[in-house]
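To start, the structure under review is shown below, and the notes come after it.
Values quoted throughout were computed directly from the atomic coordinates according to the rules given, and no laboratory measurement underlies them. Treat the numbers as computed from the prediction; the structure is a model and nothing was measured. Here the Cβ positions follow ideal geometry from the backbone for every residue, glycine too, while neighbour counts run over all protein chains shown.
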Amino acid sequence: MENCIFCKILKKEIPAHFIYEGNNVSAFLDINPLNKGHVLVIPNEHYADVFNIKTEILQELIGKSQEIAKKMKEVLGADGVNLFNASGEAAEQSVPHFHLHIVPRWSGDGVNMNDWWQSKTKKISDEELQDLAIKLKI
């Protein structure tokens, strides 16, 4: 996509600090990190979101993300990581190119995903949960 910022980064039209460049997947440091070492992992081919990315590319991307997370633990001393993706406008996707965030975490780092998560949770009855489980079963 000609106006996609991540496609421009991959073409080296916009500078980025790459930590991995493969045939199908690349990873670079986020310029607006939630924590030091925050990485974005993206497919090299443009896929807008999780709904249209090829399964084999997504599998490779997840495998590379695990490798990066392990490296964060080893090299940065991270106590844990958050992996997250937003797909679609309703999910607040900021760039229309599939990407997975890997955020290294340390105890007491000040990033509180629980505050965000708990402020957004909704109450659902057991009956509704059962109905959803039936509808979403694969």
I need the peptides 49-62, 89-102, 124-137 ranked by packing, meaning the mean over residues of other C-beta atoms within 10 angstrom, with the highest value on top. 89-102, 49-62, 124-137
Per DSSP helix of 4 or more residues, -39500 (n - 2.57); summed, then divided by the residues of the chain. What does that give at 222 nm, rounded to the nearest 500? -9000 deg cm²/dmol
Evaluated at 20 °C and 1.002 mPa s, the Stokes-Einstein D of the chain based on the Kirkwood radius over Cα pairs, in µm²/s, stands at 129
Would you kindly state how much longer the chain becomes between E128 and K73 on full extension, computed as 0.36 nm times their sequence separation minus their alpha carbon distance, in nm to one decimal? 15.9 nm
How far apart, in nm, are the 7 Å Cα→Cβ label points at T55 and K137? 2.0
Putting +1 on Lys and Arg Cβ atoms and -1 on Asp and Glu Cβ atoms, find which of F18, N114, C7 reaches farthest to the positive end of the dipole of the chain. F18
Any idea what the dipole of the stretch 1-97 comes to, in debye rounded to 20, about its Cα centre with Lys/Arg Cβ at +1 and Asp/Glu Cβ at -1? 300
Starting from 0.36 nm per residue, how many nanometres of slack lie between M113 and E21 once their C-alpha separation is accounted for? 30.2 nm
Which percent of Cα-Cα pairs in the stretch 1-72 sits in each 10 Å bin, short to long? 19, 53, 28, 1
